[in-house]
Structure formats: structure tokens, C-alpha cells
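Taking it in order: structure first as C-alpha cells, then the write-up.
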Amino acid sequence: MLPLLVLVSLFSFAIIQLMPGDYLTRARLDPQIKQETLNALARRYGLDKPFMTRYLAWVKGILTRGDFGTSFETRQPVFFTLFLGSRLQWTLVVSISTMIITWLFAIPLGIYSATHQYKASDHGLTFFGFLGLSIPNFFFALVVLWLLVAVFKVGNYGLGIGGLFDNRFIAAPWSLAKIGNLLWHIWPAWLVIGTSGMAGLLRYMRGSLLDTLSLQYVQTARAKGLSEHIVVYKHAVRNAINPLISMLGMTLPNLVAGSLVTAIVLNLPTVERAFWSALQMQDEYVIMGGLLFFSLFLLLGNLLADILLAWVDPRIRYN
Amino acid sequence: MKKLVLITASLLVVFSACAVALAQGYETMPEDALIIPLGVEGTLYDFLEPGLRGGTMYISTIGDPKKWNHTTSKETSTTLYTSQMMAGLTNQNPVNGAIEPELAKSWDISDDGLVITFHLRRGIMWSDGTLFGADDVLFTFNDLIYNEDVDTSSRDNIQLPDDTFPVVEKVDDHTVKVTLSMTFRPILTQIGVGIMPKHKLAQYVHKLNPDVPVGTFNETWGLDTDPAELCGLGPFIVESYEPDQQVVMRRNPYHYRYDANGTQLPYIDKYVILTVASQDVSLLKFRNGELDVFGCRPADVPILKAEEAAKDITVMVARDKPVLGTTWITVNQDVGLADGTRENLRNLFRNRKFRIALCHAMDKETMINNLVNGLAVPQWSPVSLLSPFYAGRDYYGGPITETNAVIFEYDLDKAASLLDEIGIIDRNGDGWRDFEDGTTVEMEFNTNVGNTVREGAILIIVDDLNKIGLKAIANPIDFNTLVTKLLSADYDFVYLGLTGGTEPNSGGNVYRPCGTLHAWHYSACEEPYEVEKRIDELLDAGVATLDNDKAFEAYKEYQITLAGEDLGLLYTFNNAYTYVYYNYVGNAQVASPLGSPSSFYGLTWDLVFKKG
């Protein structure tokens with residue numbers, strides 16, 4: 001796990017260097033800033049040093065002081081900048097709740113699709129699944145917001161759009177009304193991010209279950225005279241779901257990194273937005289911090305999937 | 001008995017709460033308060049009205065603040081907040097752009113113009129109730145701005161052309177003397193930087209407190225600071241911050257501005273800035289009633305105009321107030337110089353007639369109509385239309401007549417005949433014009449990808465050039481790549497914009513032959529053309545006199561020379577100032593680009609109020 005992170009960091013650092021310009025590029029276009037000032041800033045930020053020197057200094061800082069660097073922009077530690085306020089908490093809330101909702105819908109629909117293979121309802125589900133997959137998230141998110149404002153005119157009912165709360169709730173202490181308001185604001189995120197992940201999951205579930213249903217032990221179960229319900233849910237689905245659980249490991253980081261665009265359009269206060277702004281400004285240590293954070297999420301997702309797999313399938317054991 | 005004790009106790013609690021509330025702010029209006037004569041006949045403010053106290057206003061902005069430290073802040077997403085918290089000795093009037101007394105109630109200038117004595121307002125306090133005085137001014141200049149350990153762009157702004165700094169000295173607690181080594185007319189503008197509280201910040205400056213490491217001040221008042229620690233003299237102070245959600249600012253109970261009725265400004269109690277990630281969301285939020293004022297884009301205007309009556313909103317389109325700054329095409333007169341290639345093209349680009357032909361091929365009207373819904377004005381001068389030095393005026397601060405304007409009308413025939421005249425003609429019958437040696441003239445226009453207006457503009461130009469037989473292509477590229485190409489003179493044409501103000505001297509870094517942004521002719525630093533030498537002299541002349549009329553004469557010639565002779569940057573158009581507000585917002589009509597950046601959306605937020 002650790003060597004992987006080191007490799008990720010080295011490659012990311014190199015790729016950031018390949019990006020044209022640096023953090024000071026924008027400042028160079030400001031007629032008010034003199035060349036000497038820019039040079040002094042480059043020295044202060046270490047931008048005048050070669051790539052390897054900076055990378056090694058950065059690694060040394062982590063190893064000796066646990067210091068992941070300082071943001072050029074905020075002059076504060078990298079993770080302070082990335083996780084400022086409740087960004088980490090909201091990232092987890094949005095991504096985990098979206099994942100749960102996606103699975104809650106996709107698995108039963110996938111089962112339904114498999115058991116109703118080639119029927120109109122199967123085709124219908126596939127169609128809507130792929131529709132969700134193919135609409136770009138940023139566009140779908142904008143359309144949802146536009147519908148709320150221009151067609152349903154939710155403002156007339158005192159409801160806000162975008163973000164996680166109405167203006168009056170942002171700084172208010174927690175209450176039932178605030179939770180209700182959170183639900184009102186979070187469902188577009190579920191809808192937009194959820195629909196894009198649903199199609200894949202639904203098709204996997206359908207395919208995997210169809211494979212299982214054609215196996216001999218399922219025929220045996222049927223021959224034993226078990227009800228179709230028990231055959232499908234108790235015998236087939238439990239086996240068919242294994243590959244999906246391995247997929248879970250990959251969906252988790254996708255939810256974090258893949259919801260970047262949605263987070264921007266829907267104005268969600270998540271880590272992705274801080275990462276996005278760092279990318280735009282080429283605030284390189286913050287970018288590095290963000291990449292490490294997302295890699296960690298990937299590794300955690302895989303770990304979680306392994307544990308879940310062992311739990312749902314008693315045959316799997318890690319020795 | 002118990003009851004009586006209880007009542008007394010609760011009364012005491014109530015009274016002490018009141019006492020605390022009363023201690024917040026001045027008991028009576030300070031003698032030196034700054035009176036803004038809202039609605040008073042015969043003043044600049046007669047078109048506004050005295051407002052009502054109370055209420056909260058919501059606006060939105062793109063991007064989050066990076067810190068709360070005004071001195072070290074670099075970009076508008078931070079200064080938007082810090083400039084509300086701070087105030088300077090002088091300020092630019094948002095209505096007419098004149099420099100006015102702010103923290104200084106008046107000043108005297110010596111006959112030679114080298115010594116300026118500022119008389120500070122007495123009895124005004126920082127937002128935490130500490131008295132403001134000359135020590136704060138000295139601290140800001142001598143310990144922060146002139147301190148090499150402090151990252152601040154103010155240092156470059158205030159440096160005089162001879163590379164010295166104005167010497168700031170204390171005469172007494174309410175008097176500050178500023179001594180210059182040379183006459184420098186814009187000093188009253190440049191001296192207006194935000195004054196910082198010495199009693200709060202001196203402990204973080206290594207020079208004053210050797211116990212803290214060098215550079216500590218650059219991290220001071222970062223986002224990790226408890227907002228209760230912040231204090232300032234400006235109208236609003238940051239109260240709370242939720243990342244990616246909002247910044248709440250509260251009124252400064254000790255602000256020194258009052259209206260003519262003796263009501264302390266600002267009128268509104270709170271001012272909430274929602275931080276959003278895209279302008280599209282802001283537009284929807286405004287239409288949904290979540291924002292009170294919105295700085296809309298030209299593209300948003302038709303949608304909002306259609307809702308004007310139904311929503312009781314006003315869409316302001318101020319064509320007479322274009323946004324500050326310039327947009328232009330630059331022709332690289334040093335193309336291929338570094339590696340000794342493309343001599344043909346370089347000679348062509350250096351030919352003034354060729355650049356005039358380009359000007360005649362620029363269809364500014366079509367650009368404005370097609371790209372920004374007609375909400376822009378053609379630009380010809382580097383100096384803003386709003387500046388009293390704009391050469392379209394007849395005298396300093398006079399009305400705009402455009403009698404001196406250098407305007408190259410859109411005329412493709414004229415452009416084509418100019419090309420013929422300089423020998424750029426089709427020599428092999430393939431439809432494209434060629435150099436004398438028979439090779440085709442080929443050139444590329446770059447701008448930053450993703451900026452649809454700029455992308456559209458270069459397409460229009462390229463299309464017109466193709467029509468007259470010039471083989472040009474449009475190629476939008478990544479912003480940082482573009483800037484790198486521009487600043488290393490590795491391009492043919494770049495379409496881009498620069499920020500600017502109303503003071504022509506601020507363009508020195510661009511238009512002086514040795515300026516770091518003289519990106520169309522860097523070699524001018526060693527071998528300036530005559531016209532470039534003249535521009536340098538005129539920029540010197542513009543600051544070396546305290547007489548605005550004399551400075552106007554210099555700047556008028558400067559603008560006419562740049563636009564008509566030098567033709568380094570070929571200006572395109574400047575967006576009209578557009579914004580929209582709900583009609584319950586009082587005094588919203590004061591908004592102007594002149595109000596920024598010390599205010600937001602050009603609105604002077606301490607004058608805005610909520611109508612009953």
C-alpha cells in the first residue's frame with residue numbers, strides 16, 4: 001500500500017510539473033506587480049528550484065515533520081486548506097448516501113431486469129439506465145436546478161437551490177427543520193450522481209444474475225420444487241452479487257472524484273471543490289494532498305470491498 | 001421574597017445585556033465623522049436617498065476567500081472581504097472617481113509637491129473600540145508595506161518612478177507627514193491603501209517582535225483565525241465563514257461614516273456573501289429570490305429583462321460605464337527573433353501599415369452584437385472611458401466628446417488596399433497573399449480556451465482576414481500556456497485582456513518599452529522606436545506635475561500616440577457594466593465600476609439599505 005502511494009505521489013508531482021505555467025503565471029499578467037516582486041515570490045515558494053529538489057524536500061517534510069506542505073494561496077497547511085470547515089464531513093455524507101441510494105435502486109432493478117429478460121420492462125429499465133449514464137452530469141445538474149427555479153418556481157415557497165441548505169439554515173444550529181432542508185438540497189445530488197452510476201450497476205447485476213440462473217445448481221433447486229422466489233433470492237442472488245461487491249471498491253473513489261463536476265454545478269461544499277480550485281490556481285502542494293487523499297480513498301474502498309466480500313460469502317477467506 | 005430576588009436578578013441580566021449592547025459603538029457621533037450627504041440637493045449624492053437601518057443583504061461570488069489579511073491578499077476573491085474591513089487615508093469617489101478624504105479628513109501639499117501633511121480624523125475607533133491614530137498609519141507603511149519580509153503588492157504600487165518610497169513620519173497622534181523624493185501626481189491615489197490595526201498585528205511582525213519567525217505576518221489572519229480576532233475601520237467585519245457556503249459580514253459598530261440625518265452607516269446589519277462555484281448557479285439563485293443583487297453577465301441580460309416586471313427587479317445596463325481594463329489583440333513584432341527565424345513575418349508585423357490594415361479588418365460592431373448581445377462599447381484607448389484623463393474628453397474631467405478618438409472604421413477594402421500597397425499580394429494565384437519571395441503569409445491567433453467571447457472574437461477576425469486573402473487560423477489554447485507564450489514572445493497574435501484602473505500611470509508596466517508586459521516588442525527595451533521613446537516621456541510627464549490639466553495634455557498625446565502611431569495593442573471592446581437588483585434594495589443605483597474593488601459589484605455597500 002505504501003510503495004503504491006509513493007509511486008502515485010512521484011508521478012503526480014511530475015505531471016503537475018508538466019502543466020504549463022505555475023502558481024505565479026496569473027500574477028505575471030497583473031500590470032501592478034513588478035518583475036522583482038515575482039522573482040522574490042518564486043524564491044519564497046521554491047518555484048525557482050528544479051523538480052527533483054522540490055519533490056525530495058516535500059517527501060522529507062512528510063517523513064520528518066509530518067508536513068505535507070503549505071498552500072501558496074492560503075499560506076496554511078495543505079490538509080487544513082483541503083478539509084477546511086466541514087468539507088470532509090460533507091464529502092463523506094454526499095458520497096456515501098449517494099452510494100447507498102444507488103445500490104438500493106440498482107440491485108432490485110437489476111434483479112427485476114434479469115428475471116424479466118427481454119420483456120418490455122427490461123428494455124425500459126435498460127433504456128432509462130443508459131439515459132442516466134449518457135447525460136453529462138453538469139448538464140443534468142443545471143437542468144434540474146433550472147426546472148426547480150423556472151418551471152416549479154420553488155422560490156415562491158421559500159425554498160433555495162444549490163448548496164446543502166437555504167441561506168437561513170447555513171449558520172443555524174441543527175434542528176429537524178435543518179435536516180429537512182438538507183434533504184431538500186441533497187436529492188438533486190442523489191439524482192444526478194446516482195443516475196450516472198445506476199446503469200452500470202444495473203447491467204452488471206442483470207448479467208451476473210442471468211449467468212447464475214443458468215447454472216445447474218439453480219436448475220436443481222427448481223427441480224427440488226422450491227418456489228421461484230426462494231430460487232432467485234436465496235440461491236441465485238447471493239452468488240450473483242459477489243462481483244458487484246468487488247466493484248464497490250472501485251465505485252467509492254469514483255463517487256468522490258467523479259462527483260467533482262456535479263459538486264461544482266450543485267454548489268456542494270465538498271473536498272472536490274477545494275481540489276478543483278487548487279487545480280485552477282496550480283496550488284501544487286494542495287493538488288498533491290488532494291491526489292493522495294483520493295488514492296487513500298481508493299485503497300480504503302478496496303479494503304472495504306474485501307471485508308464485505310468475506311462477510312457475504314463464507315467461502316472466501318483471507319489467510 | 002424569592003420571587004423578588006428572581007425578578008431583580010433577571011432585570012439585572014437584562015440591563016447588563018443592554019449595557020453591553022450600548023457599549024457597542026459611539027455614544028454620540030464623532031466630531032470628525034465623515035458625512036455622506038445622501039439625497040442632499042446640489043451634492044454628488046443627490047440622486048440617492050437616506051436609508052433605513054437594519055436587515056440582511058445576500059449576494060454571491062465565485063470562489064472562496066484565501067485569508068483575511070488585507071495587506072498580503074492578492075486577488076479579488078480575498079480583497080472582496082478584506083477591503084470591506086479596511087479603509088485608507090484617501091478613497092476614490094464611486095460617483096465621479098475623484099480622490100477624496102477618507103481616514104484623513106484633509107491634507108496640505110507643500111508648494112514643491114514633495115511634502116504632504118495628512119490630518120487624520122480624531123476620535124474614530126477600530127471595530128473593537130480601540131482608538132485609531134497616526135501609529136496605525138506608520139505601522140502600515142513602515143512595518144508592513146515597506147517591510148521586505150511581507151508579501152504585498154502594495155509595495156510595487158507605491159514605489160516612485162525613481163525606485164524610492166515615500167517617507168512616512170509621525171508629526172503627532174493625528175498628523176502624518178509624507179515626504180517624496182520627486183513630484184508624483186498619483187501619490188494621493190496610491191497612498192489610499194488599507195490601514196491595518198497596530199494593536200492587533202504588531203506582535204506578528206518579526207521586525208517589531210523578534211520572538212516570532214521572519215515571515216509570520218504572511219500567515220497571520222489566515223482562514224484559521226477566529227473571526228472575533230479580526231478588526232478594522234471599514235463598514236463591515238467578517239463574522240463567520242462556512243467554506244464553499246458563505247461569508248457573513250456584520251456592520252462595524254464604530255464605522256466613521258454617517259448620513260446627513262446623523263444615522264451611522266452602513267444601514268444594513270449583515271451582509272452575506274454566498275460562495276458559489278459557477279455564475280450559472282448565481283443566476284438561478286438570483287431568479288429564485290435567494291440573492292438581492294447579482295452582477296450578471298451580458299448573456300444573462302435578456303433572460304432577466306424578460307422577468308423585470310414580474311419579479312419587480314431592475315436590470316442595469318450602463319453603456320456609459322464600461323468595466324475597467326482593456327481587451328486587445330497584440331501583434332508580436334519580435335516573432336522569431338529569439339531563434340532568428342520567420343524574418344518575413346517579423347518585418348511584416350513591424351510594418352505600421354500592416355497593423356493599420358488589421359485595425360480596418362476588425363469588425364468590432366459584429367463582435368459586440370454577436371458575442372455580448374450588443375452590451376459593450378468599442379475601445380480605442382488604453383485609458384478607461386471613466387477616467388478624467390480619457391482622451392475622448394476635451395479637458396481634464398470634461399464631458400466625453402470623442403473629438404480626439406483614433407478610430408479605424410471597419411473597411412475590408414481599405415485593409416486590402418493597404419496590404420497591396422506594402423507588397424503583400426497573391427503571387428501564385430492560390431487565393432492567399434504571399435511575401436515577396438513567394439511564400440504564403442501564414443499566421444495564428446491564440447486566446448484562452450473556454451472563454452467563449454474571446455474564442456468568438458478571434459473567429460470573427462480570422463474570417464475577415466481570410467476574406468481579404470490573409471491565411472490566418474484561430475487556435476484557442478490553455479490559459480497558462482497562452483500567458484507563457486505571450487510573455488516569452490513566442491506567438492503571432494494573442495487576444496487577451498488586462499485589468500486596469502482610471503489612473504493612466506498604472507499602465508506603465510505594459511506600455512513603457514522596458515515594461516514586463518510590453519509583450520509585443522520586448523526588444524524595444526534595448527532598441528526603442530522613436531514613438532516608444534515618446535510614450536516613455538509622456539508617461540513621465542503625466543506623473544511629474546501636480547497640475548491635472550498639464551497631466552491631461554500629456555496623457556491625451558500618450559493615448560493618441562499609442563492608438564494611432566504605436567499600434568502595439570489593437571483594442572477591441574469593453575463590456576458595459578451590467579447588474580441586476582430587486583427593487584426593494586435602496587441606493588442600488590450608485591453602482592459603478594469606479595466603486596470597485598473597494599466595494600462589491602461596484603456597489604458601495606454601506607449606502608445600500610432595505611426599503612420598508
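The values are calculated or read from the model by the stated rules, or taken from the named source; none is laboratory data. These figures come from a predicted structure and were not determined experimentally. With ideal geometry, Cβ positions are generated from the backbone for all residues, glycine too; neighbour counts draw on all protein chains shown. Keep in mind that these areas ignore ligands, DNA and RNA; they rest on the heavy atoms of the full protein, side chains included. Shrake-Rupley method; radii C 1.70, N 1.55, O 1.52, S 1.80 Å.
Observations on the structure shown:
- Theoretical gain in end-to-end length, residue B:475 to residue B:310 [0.36 nm per residue, Cα-Cα removed]: 55.1 nm
- Rg and Dmax of segment B:429-562, based on Cα coordinates, read 18.2, 60 Å.
- Residues in segment B:399-405 carry Karplus couplings, in order, of x, 7, 10, 6, 5, 9, 4 Hz; the curve used is 6.51 cos²θ - 1.76 cosθ + 1.60 with θ = phi - 60°, and Gly or Pro positions show x.
- The Rg/Rh ratio of segment B:326-574, with both radii computed over alpha carbons and Rh defined as the Kirkwood radius, is 0.96.
- Solvent accessible area, Å² - residue B:533, 1.4 Å probe, full protein context: 90
- Peptide packing: for B:366-372, A:160-166, the average count of neighbouring Cβ atoms within 10 Å per residue gives the ranking A:160-166, B:366-372, highest mean first.
- Label point distance in nm, residue A:172-residue B:29, each placed 7 Å from Cα along Cα→Cβ: 3.8
- Inter-chain Cβ neighbour count for B:272-280, averaged per residue, equals 5 (cutoff 10 Å, partner chain atoms only).
- Rounded to the nearest 10 degrees, the inclination of helix A:137-146 to the longest alpha-carbon principal axis of chain A is 90 degrees.
- Counting, for every residue in A:18-30, the Cβ atoms of other protein chains within 10 Å of its Cβ and taking the mean gives 5.
- Between residue B:452 and residue B:352, the FRET efficiency estimated from the beta carbon spacing at R0 = 25 angstrom works out to 0.20.
- At 1.567 mPa s and 4 °C, Stokes diffusion of segment A:86-268 via Kirkwood alpha-carbon radius, µm² per second: 71
- Across B:533/B:556; B:353/B:533; B:311/B:364; B:66/B:285; A:178/B:74; A:49/B:533, pairs whose alpha-carbon gap is larger than 27 Å: B:311/B:364; A:178/B:74; A:49/B:533
- Chain A, helix-only ellipticity at 222 nm - DSSP H runs n ≥ 4, -39,500 (n - 2.57), divided by all residues, nearest 500: -22500 deg cm²/dmol
- Take each residue of peptide A:166-177, count the partner chain Cβ atoms within 10 Å of its Cβ, and average: the result is 2.
- Geometric descriptor of chain B, per residue, is 187 Å³ (volume of the convex hull of the Cα atoms).
- What the Kirkwood sum gives for segment A:2-82 is a hydrodynamic radius of 14.2 Å, with every pair of different alpha carbons counted.
- For chain B, the membrane-span-like helix rule (DSSP H, alpha carbon extent of at least 15 Å along the helix axis, mean Kyte-Doolittle at least 1.0) picks out B:2-23; this says nothing about an actual membrane.
- Inter-label distance for residue A:57 and residue A:215, nm, one decimal - labels placed 7 Å from Cα along Cα-to-Cβ: 5.8
- When you restrict to C-alpha pairs under 8 Å that are six or more residues apart and normalise by the size of chain B, the relative contact order lands at 19 percent.
- Cβ-Cβ FRET estimate between residue A:35 and residue A:307, R0 fixed at 56 Å, reported to 0.05: 0.50
- D_trans [Stokes-Einstein, Kirkwood Rh over alpha-carbon pairs] for segment B:474-534, 10 °C, 1.306 mPa s, µm² s⁻¹: 124
- Prolate/oblate/rounded call for the protein assembly as shown, Cα gyration tensor, a/c under 1.5 rounded: oblate
- Sorted largest first, extent of segment A:120-186 alpha carbons per principal axis (Å): 48, 24, 19
- Residue B:463-residue A:92 FRET efficiency (beta carbon distance; Förster radius 56 Å; 0.05 resolution): 0.65
- Reach of residue A:119 by Cα under 20 Å, taken over aspartates and glutamates that are not fewer than 8 positions away in the same chain: A:211, A:228
- Residue-level accessible surface for residue B:212, protein heavy atoms, 1.4 Å, Å²: 30
- Mean projection area, nm², convex hull over Cα of segment B:11-251: 16.5
- Normalised by 2.2 N^0.38 Å, where N is the number of residues, the C-alpha radius of gyration of chain A stands at 1.24.
- Inter-label distance for residue B:430 and residue B:442, nm, one decimal - labels placed 7 Å from Cα along Cα-to-Cβ: 0.8
- Relative to the longest principal axis of the Cα atoms of chain A, the long axis of helix A:120-134 makes an angle of roughly 0 degrees.
- Sparse packing (at most 13 other Cβ atoms within 10 Å of the Cβ) combined with a DSSP loop state is found for none of the trypsin sites (Lys or Arg not before Pro) in segment B:386-495.
- ³J(HN,Hα) computed for each position of segment A:62-68 - Karplus, 6.51 cos²θ - 1.76 cosθ + 1.60, integer Hz, glycine/proline x: 5, 6, 8, 10, x, 9, 8
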